[in-house]
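First comes the structure, then the notes that go with it.
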Amino acid sequence: MPRNIPRVLLTIGMMAWQVSCSSAPPQGCEKHIKEKIQPGVPLKAAESELKNCGFKITMDAPAKTLYGDKVVQGVPVSERTQVLIKLDSDNKVAEANVTSGLIGP
């Protein structure tokens, strides 16, 4: 019985680590967002991709434009990624532009 205790504790630790990792947005997903949001993708799917990656989104309905903004905090420099998605008349992605840069003190 005592031989199984380390194995059980390791299993519990791995399960807790897996659960805690799945609740946060995937790391680095902002670098691949342009690959996932291609022309022709419906508006709801584009919004979902941005939300799942941790972007704050804003929709400008009259301009048929969806904006996404995400800041990954760093010390002392942070990385900011912005997404500009233009929609066509069917509310599908017509164009997606992604820019990123560093912000700091």
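The values are calculated or read from the model by the stated rules, or taken from the named source; none is laboratory data. Just so you know, these numbers come straight off a predicted model, no measurement behind them. With ideal geometry, Cβ positions are generated from the backbone for all residues, glycine too; neighbour counts draw on all protein chains shown.
For segment 50-80, a residue qualifies if it is β-branched (Val, Ile, Thr) and at pLDDT 95 or above, and the qualifying residues are ILE57, THR58, THR65. Listed by first and then second residue, the pairs with beta-carbon distance under 8 Å, at least 6 apart or on different chains, first residue in segment 79-99 and surrounded by fewer than 19 Cβ atoms within 10 Å (Cβ to Cβ), second aromatic (Phe, Trp, Tyr), are GLN82/TYR67; LEU84/TYR67.
Which members of segment 88-105 meet the condition of being in contact with a Pro (Cβ under 8 Å, 6 or more places away or on another chain) and of a type outside the set (S, T, N, Q)? Matches in segment 88-105: LYS92, VAL93, ALA94, GLU95, ALA96, GLY104, PRO105. Six or more apart or on different chains, Cβ under 6 Å: which pairs go from a residue in segment 31-43 that's small (Gly, Ala, Ser) to one that's not in a helix (DSSP H, G or I)? Could you list them? Final answer for the pair search is GLY40/LYS92.
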